[in-house]
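Scroll down for the structure; my scribbles are underneath it.
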Amino acid sequence: MAGFKIRKVFADDLGANNPVFAQVLGICSTLAVTNVLKNTVVMCVGLIFVTALSNMTVSLLRQYMPSRIRMMVETLIIASYVIIVDIVLKAFLPDVSRQLGPYVGLIITNCIIMGRAEAFALSNPPGLSFLDGIASGIGYSYVLIAIAIVREIMGSGSIWGYPLLGDWWTNWSIMVMAPGAFFMLAIFIWIVKGIRDKEEGESS
Amino acid sequence: MKKGSVVKKRIFPVVFMLLITLVFISITTVIYTFTKDTIALNERLRLKRAVLYAAGVQLPDDPVEIEKAFDNRVTEVKDDTGKVRYFEVRESDSTVIESYVVVRIGAGLWGEITAGVGFDRDLESFRGLEVIDQVETPGLGGRIGETWFKEQFRGKRPPLATVPEGDATTENQFEAITGASYSTSAIQDIMNSSQEYARMEILGSQ
């Protein structure tokens, strides 16, 4: 039974109920950080950490937390974990911390974290909530990483900072600016929806 | 309202919020306390690395070697309040000043840009540029921190003018970043204003 629930959580968060292309959450950071792959990966790791632990903490407290102050408590929990990520980056990955700048702090405002706390952690046990946080984070991450790979290659001619395309390639400046992310996200959603609609059409 | 109801609806939420705040503040405080020395050390190391890079010194990879190179070769010239005005850079164990480095702050697109600007000892040409702090758009204005951009300033002379990428031919030109004219212009202002600042600070004190 537990195995079935875990599989369902992962299947939902990575596919049908994906936070980015199904629920269209976390778009601010999708636009902001996906022009460079390295920043995107660090942001994704930070988000997985914060979502998993905040989900678990909210779930642990759910029976004692007065419902009228629950959002304040959730925000406090999320902010605390984000501060921990920020401090750890500053101490152990100072270069990455400097590159990400204000984006780390903005994890607090990522709708996915609060969304999962409200929609899942408040009504599920801590272990499953923790796994839901990880699954949501991975669901968010693979979309962002796919977008970042295309944007960095086309916008900077490089991948993970290493030159890939050489001098013959003219960088598309629009790809490193926010509109490039809008185009890429729309194309991504278009492809995924197209595949899913086709699958549903075949199965019905 | 019944007494039990007041406690449950009014007092308990406040006490709960206070307690949970106390718990999380304690956790973050403990983590901060354990890492603050490392963070301060990172900041200090970054400044030392920036000064050496701006002065055109070959940077060792090992942080300990960077500390050693800085201590052997760099002198901080401070004002009466202890604030660093500029850095003098020498060859190891030499008394002859090879170059000077000043730290300048300019206005970028999203916030301040802090840069270390290195000069030859005659203050006529640049030794180098290191971007110490910036919050420009990653992948766009943020490219002011990339090596190809910073390296092009070595040996250039102010006043500098911008040209498109790949077109710099004279010692008064540098290559702008395509699509990041505001950030490029901020660096241009920092570089061009730093000579006068350096002359005032360094020659004025001699």
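If you filter the stretch B:103-122 down to residues that are more than 12 Å from the chain's Cα centre (by Cα) and either buried (at least 19 other Cβ atoms within 10 Å of the Cβ) or of a type in the set (S, T, N, Q) (or both), you find that the one that is farthest from residue B:197 (Cα to Cα) is B:108. Listed by first and then second residue, the pairs with beta-carbon distance under 8 Å, at least 6 apart or on different chains, first residue in the stretch A:77-105 and in contact (Cβ under 8 Å) with a residue 24 or more places away in the chain, second among the acidic types (Asp, Glu), are A:104/A:86.
Of the listed requirements (1) over 18 Å from residue A:41 (Cα atoms); (2) at the interface with chain B (Cβ under 10 Å from one of its Cβ atoms); (3) not aromatic (Phe, Trp, Tyr), residue A:75 misses just one: (2). Which of the numbered conditions does residue A:40 fail, given that it passes all the others? Conditions: (1) within 11 Å of the chain's Cα centre (by Cα); (2) surrounded by fewer than 24 Cβ atoms within 10 Å (Cβ to Cβ). Checking residue A:40 against (1) within 11 Å of the chain's Cα centre (by Cα); (2) surrounded by fewer than 24 Cβ atoms within 10 Å (Cβ to Cβ), the one that fails is (2).
Every residue in the stretch A:55-110 that is touching a Cys at 6+ places or on another chain (Cβ under 8 Å) and either surrounded by fewer than 22 Cβ atoms within 10 Å (Cβ to Cβ) or modelled with pLDDT of 90 or more (or both), please. Those that are touching a Cys at 6+ places or on another chain (Cβ under 8 Å) and either surrounded by fewer than 22 Cβ atoms within 10 Å (Cβ to Cβ) or modelled with pLDDT of 90 or more (or both): A:106, A:109.
Do we find a residue being more than 20 Å from the chain's Cα centre (by Cα) and in a helix (DSSP H, G or I) anywhere in the stretch B:83-102?
Initial filter on the stretch B:83-102 (more than 20 Å from the chain's Cα centre (by Cα)): B:90-98.
Now drop any that are not in a helix (DSSP H, G or I), which leaves none.
Among the residues of the stretch B:83-102, not one is more than 20 Å from the chain's Cα centre (by Cα) and in a helix (DSSP H, G or I), which makes the answer no.
The residues listed here are B:166, B:179, B:204, B:155; of these, the one that is without any contact (Cβ under 8 Å) to a residue 60 or more places away in the chain, loosely packed, with under 15 Cβ neighbours inside 10 Å and closer than 17 Å to residue A:173 by Cβ is B:166. Quick check: is even one residue across the stretch B:46-58 without any contact (Cβ under 8 Å) to a residue 60 or more places away in the chain and either within 14 Å of chain A (Cβ to nearest Cβ) or in a helix (DSSP H, G or I) (or both)? Yes. Do you know which of the residues in the stretch A:30-65 that are away from chain B (no Cβ under 11 Å) and outside any helix (DSSP H, G or I) is farthest from residue A:89 (Cα to Cα)? Looking at residues that are away from chain B (no Cβ under 11 Å) and outside any helix (DSSP H, G or I), I get A:63.
The values are calculated or read from the model by the stated rules, or taken from the named source; none is laboratory data. All values reported here derive from a predicted model rather than from experimental measurement. So basically every Cβ, Gly included, is an ideal-geometry build from the backbone, and we count neighbours across all protein chains shown.
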